[in-house]
Amino acid sequence: MQQTTSAAGRSGHLELGLFGANSTGTSMSKVPGRWHPTWENNRDLVLAAEAAGLDFHIPLARWRGHGGESDPLGVTFDAIAWTASLLAITRRIKLFTTVHTPFTHPLVAAKQLATMDQIGEGRVGLNIVSGWHREEADMFGIAQREHDERYEYTKEWLEVMLEVWSQDRPFHHEGRFFNLRGVVGDPKPRGGKVTLMSAGASRAGRSFAIGHCDLLFTILTAPEACRDEVAKVKEAAWNADRHVDVYTGAFIVCRPTRKEAVEYHEHVSREMADEVAIDNAMRQLGVNCHSFTPEFYAAFRGRFASGYGHYPVVGDPGDVAEELRRIRDLGVRGLAISFIDFAGELPYFRDEVLPRLAEMGVRRAG
């Protein structure tokens, strides 16, 4: 199985998309020129991404920021409304939405996703989040469940939603978390369900994604560690008679010269880092997620400043293209990328990096 996975990772189209542009982006930096998420900016960006040939966009779902001077994620468009509106004006690009299961009833989500699937003619995907942000749970007046129990809740939540989509007659659901009577739901998604994604680095999170989703989103800490994780995910899915692909994220700094790129990245992640916001984010994630050790958050502090912990890809266009090839060769199916300024930096990436990736066989041309 590992040999098959390795061989598959060295060929094929690397799906590329944007991550988090419905918010202030992934940076926790006070650097000038950060992305500002107006509706007009989002509309123009997603249309530009589609025209450039990018494959998808994944939005964040947040209700409060991380504080500090920059207050990262403090401004975030609602993921459901954002996705529905953009599906209506695009024709090819896949648009995920993000739902926190503790905050959204599965019958509501089933209706929303089926409606979006009709609008987008099968182009919607669902990023399922089991809820880790205790302060946001407090805002909703919802008690935060223990880590592993959150995934047990989400399993039943997803079971209800899938049953709504598969049943043509009223049904009852009696479970640990939901007791529902006479459930009906129309319309249905065009293909019976939508593409399901979940992020998971903890044992419970990864088990949920492998057992119930089409895509597992993971943090790329280091290339060799990612190669091992992809192999383990593929093997576990194969043993469960399932197919699960792995997505990950990267923060891109691409400039005409390597020196310019490195200097700008240092400026963003060190000189202009919003230390208060980073402290808050690391505390919230470290206490509530259980996905990584405290040592991880300390070692990758600079990554939080630039890209919320995502893998930094920094260099000239040739450097960036080669690093994306290397990520593809790890067995990664999809890479969600972010920039300090999406609108200002995407055109250069489109013109200088995408053609190189096509020439290298990392992506299909056109």
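The values are calculated or read from the model by the stated rules, or taken from the named source; none is laboratory data. These numbers were taken from a predicted model, which means no experiment stands behind them. Don't worry about glycine lacking a Cβ; one is built from the backbone with ideal geometry, like all the others, and counts go over all protein chains shown.
When ARG181 is tested against (1) over 26 Å from ILE119 (Cα atoms); (2) modelled with pLDDT of 95 or more; (3) in a loop (DSSP other than H, G, I, E, B), just one condition goes unmet, and that condition is (3). When the residues of region 202-248 are filtered to those that are outside any helix (DSSP H, G or I) and among the β-branched types (Val, Ile, Thr), the one that is surrounded by the fewest Cβ atoms within 10 Å (Cβ to Cβ) is THR221.
The residue that is nearest to ASP71 (Cα to Cα), counting only those in region 300-346 that are over 18 Å from the mean Cα position of the chain (by Cα) and among the basic types (Lys, Arg), is ARG301. Can you spot a residue in region 106-113 that is farther than 17 Å from VAL129 by Cβ and assigned to a helix (DSSP H, G or I)? Yes, there is a match, as at least one residue in region 106-113 is farther than 17 Å from VAL129 by Cβ and assigned to a helix (DSSP H, G or I). Only one of the listed residues (ALA143, ALA114) is in contact with a Phe, Trp or Tyr (Cβ under 8 Å, 6 or more places away or on another chain), hydrophobic (A, V, I, L, M, F, W, C) and either buried (at least 17 other Cβ atoms within 10 Å of the Cβ) or without any contact (Cβ under 8 Å) to a residue 24 or more places away in the chain (or both). That residue is ALA114.
Of ARG34, ARG62, all but one fail to be in contact with a Gly (Cβ under 9 Å, 6 or more places away or on another chain), touching a residue at least 12 places away in the same chain (Cβ under 8 Å) and within 20 Å of PHE103 (Cβ to Cβ); the exception is ARG62. Checked against the criterion of being under 25 Å from LYS30 (Cβ atoms) and either modelled with pLDDT of 90 or more or among the aliphatic types (A, V, I, L, M) (or both), region 286-298 contains one or more residues that satisfy it. Only one entry of ASP71, ASP44 meets the criterion of being outside any loop (DSSP other than H, G, I, E, B), touching a residue at least 60 places away in the same chain (Cβ under 8 Å) and acidic (Asp, Glu), and that entry is ASP44.
Screening PHE96 with (1) crowded, with 21+ Cβ neighbours inside 10 Å; (2) touching a Lys or Arg at 6+ places or on another chain (Cβ under 8 Å); (3) not in a loop (DSSP other than H, G, I, E, B) gives one miss only, at (2).
For region 17-41, filtering for residues that are out of contact with any strand residue (DSSP E or B) (no Cβ under 9 Å at 6 or more places or on another chain) and either on the phi > 0 side of the Ramachandran plot or in a helix (DSSP H, G or I) (or both) leaves 4.
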